[in-house]
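A short write-up of the structure that comes next.
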Amino acid sequence: MEPNKVIELKEEEKKELNDGQTLYELTKHPGFQVIKDYFEQLAFHSWIDPRETPSKEEYLWRELNGFHAANNAREFLEWVKERINRSDYLDKKRTGELQVKPMKI
């Protein structure tokens, strides 16, 4: 394959490329930074104060819900990053910047 030769992507790859590019553009919007900061705080800096819970059961319930909220926030941020990375890869593949060869089994 010649370098910098544009190749045709499969329909699924085209969709992934477009979705990733759209998400990348979204990350450049100031509003996304607000959302990202919120999710990062939720994912990595949240905890339950046991002094504010009336019982052990209530504490465990809040802790479980807090864990799931933090985990969902972290997964969302990772998902956005993965989609952008995949789009970047597909763009390089499409433009011939990467030499993609089938695997031999």
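Values quoted throughout were computed directly from the atomic coordinates according to the rules given, and no laboratory measurement underlies them. Everything numeric here is computed off the predicted structure, so don't read it as measured data. All Cβ positions, glycine included, derive from the backbone under ideal geometry; neighbour counts span all protein chains shown.
See the values below:
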quantity: Total charge dipole magnitude, segment 42-96, about the Cα centre, Cβ charges on Lys, Arg, Asp, Glu only, Debye to nearest 20; calculated: 480 debye
quantity: Within the chain, helix-based [θ] at 222 nm, where runs of 4 or more DSSP H residues each add -39,500 (n - 2.57), nearest 500; calculated: -24000 deg cm²/dmol
quantity: Of K15/K92; K15/K93; K14/K93; K10/K93; K81/K104, pairs whose Cα-Cα distance is over 22 Å; calculated: K81/K104
quantity: Neighbourhood charge, 13 Å Cβ-Cβ cut-off, centred on E63 and excluding it, Lys, Arg +1 and Asp, Glu -1; calculated: -2
quantity: Kyte-Doolittle mean at least -0.5, axial Cα span of 18 Å or more - DSSP H helices of the chain; calculated: 30-44
quantity: Highest-first arrangement of 32-43, 7-18, 85-96, where packing means the average Cβ count within 10 Å; calculated: 85-96, 32-43, 7-18
quantity: Compactness of the chain, expressed as Rg and Dmax over alpha-carbon positions, Å; calculated: 20.7, 69
